[in-house]
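Enquirer: Please read through the structure below; I'll follow up with questions.
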Amino acid sequence: MSPQSRILTIVACALGFGMLGAASADASYAPINQPGPALEVPRAQLRAALRCTSSVSTDPREPILLVPGTTLTPEENFSWNYERALNALALPYCTIELPNHAMSDIQVAGEYVVYALRSMSQFGARKAARKVQVIGYSQGGMVPRWALRFWPDTRKLIDDDIGLDASNHGTITAESSCVLNGCAPAVWQQRNTSAFIAALNSYQETFPGISYTEVYSYNDEIVVPNTSEEGSSSVHSGGGTIANIAVQQVCPGHVADHLAMGSYDPVGYALALDAITHAGPAQAARIGLAVCAEPFQPGVDPETFATDDARYDTVIAETFANYPHVASEPPLKCYVTASCPAR
C-alpha cells in the first residue's frame, strides 16, 4: 500500500458513519429568517483566527474568504496553493482558522465564519457593507452554509459560495468507525445521518442573492457518494443560483481524489476562479480544455510539490489518528430548534 493510500484509508475510516445520531423526521427547526444568536466565542479568539492580506482594506474588489477542511489549518490547506495563486493575481483575501484543526463542534466553527463575514464586509471603514466570496474545502465548503442557515444577516454579505468536495450532505463511508471506536465531534457531525446535517439542510439549502458553485469529483473517496449531481456535495432547494459541477464534466476521465481537490487540482481551481471572476456561479463551458493537461493548479510549485503534498497528507492522517474521540455527536444547540426561547 502506498503512503497516500494508507493515509486515505485512515481518513476514510475516521469519517465512517452509521445510523446513530440521525435527526428524527419530524424534528422542528428554527424558522429560516429567525435572527441568529449572539456569538459565544470570545471576540479576541475570533479576531485572532482571521488573517487577511493588507489589500483587503483598500482593494475595491470583493475579498475572498478561504475556509479549510477537517484536520487542517489555513496554512496547511492553502499556503502552498490557493494563497500563492491569489497573491499572483493580486486578489484580496482572508483565511479563517477553525478551532482545533476543524475537529471540534462545527456549530462553534460556524461562529468563526459568521465573524469573518461580518468583519470582511466592513474592512476599510466603508459606508456600506460589501460582499465576500467564499472558497471552502470539504468541511470548509459546508460550514459557511451553517452560518447562512442560522445567522440570516450573513446572507446579504456573500456573493459567491464555492465548495470543493464539500460535505454538504455528509458521508456514508466506513460507517463502522464512529460506532465502534468513537470519533472526533466534527466527524460525528459529518455523518450523512447526523442531526447536524439534517439541521443544516432543513427547509431549504440555498438562499436568494447568493451564487452557489459546488465542485466535486466522481473519484471522491471521503465525501461519499459523489458520483452524480444527486450526491453529497451538490445543493438543490432554495432561492440561490446553483451550479453543481463535477470536474469530470470539464475533463472526462479526470482522476482527482478528495485530497487533490482541496490542494492542487487544476480543474477544481479553474472552476473556483471562474466563479469569483464572473457574475453568477461557475460555468463548465467557460473552462478551456487545456486545463485537462495541467498536473497542478496555479500556485503549486512543481519543485516543492512532493514535500508540500507529503506534509499535507501527514497532517491529515496524524490529526485524524490522534485527535481525542467522543462517544456521540454533540447535541444541537438551542438556537437550531423552533422550541428555543425567544432571543
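Enquirer: Considering every residue within region 83-97, establish whether at least one is open to solvent by less than 10 Å² (accessible area, probe 1.4 Å) and closer than 15 Å to Met142 by Cβ.
Expert: Yes - at least one qualifying residue is present in region 83-97.
Enquirer: Then there is this: Answer yes or no: is there a residue in region 192-204 that is assigned to a helix (DSSP H, G or I), free of Cβ contacts under 8 Å to residues at least 24 places away in the same chain and open to solvent by 10 Å² or more (accessible area, probe 1.4 Å).
Expert: No, every residue in region 192-204 fails to be assigned to a helix (DSSP H, G or I), free of Cβ contacts under 8 Å to residues at least 24 places away in the same chain and open to solvent by 10 Å² or more (accessible area, probe 1.4 Å).
Enquirer: Moving on to the next point. Go through Pro330, Pro341 for me and flag whichever is at pLDDT below 95 and not aliphatic (A, V, I, L, M).
Expert: Within the list Pro330, Pro341, the selection yields Pro341.
Enquirer: Suppose the filter is in contact with an Asp or Glu (Cβ under 9 Å, 6 or more places away or on another chain) and either more than 20 Å from Thr337 (Cβ to Cβ) or crowded, with 19+ Cβ neighbours inside 10 Å (or both); does Asn181 pass it?
Expert: no
Enquirer: Any chance region 32-41 includes a residue that's closer than 30 Å to Ile316 by Cβ, part of a helix (DSSP H, G or I) and acidic (Asp, Glu)?
Expert: Among the residues of region 32-41, not one is closer than 30 Å to Ile316 by Cβ, part of a helix (DSSP H, G or I) and acidic (Asp, Glu), which makes the answer no.
Enquirer: Moving on. Of all residues in region 286-329, which are open to solvent by 60 Å² or more (accessible area, probe 1.4 Å) and outside any helix (DSSP H, G or I)?
Expert: Glu294, Pro295, Pro298, Pro302, Glu303, Pro324, His325, Ala327, Ser328
The values are calculated or read from the model by the stated rules, or taken from the named source; none is laboratory data. This one's a predicted model, so the numbers in the text were calculated from it and none came from an experiment. Neighbour counts run over all protein chains shown; Cβ positions are idealised from the backbone, glycine included. Accessible surface areas use protein heavy atoms only, side chains included; no ligands, DNA or RNA. Shrake-Rupley method; radii C 1.70, N 1.55, O 1.52, S 1.80 Å.
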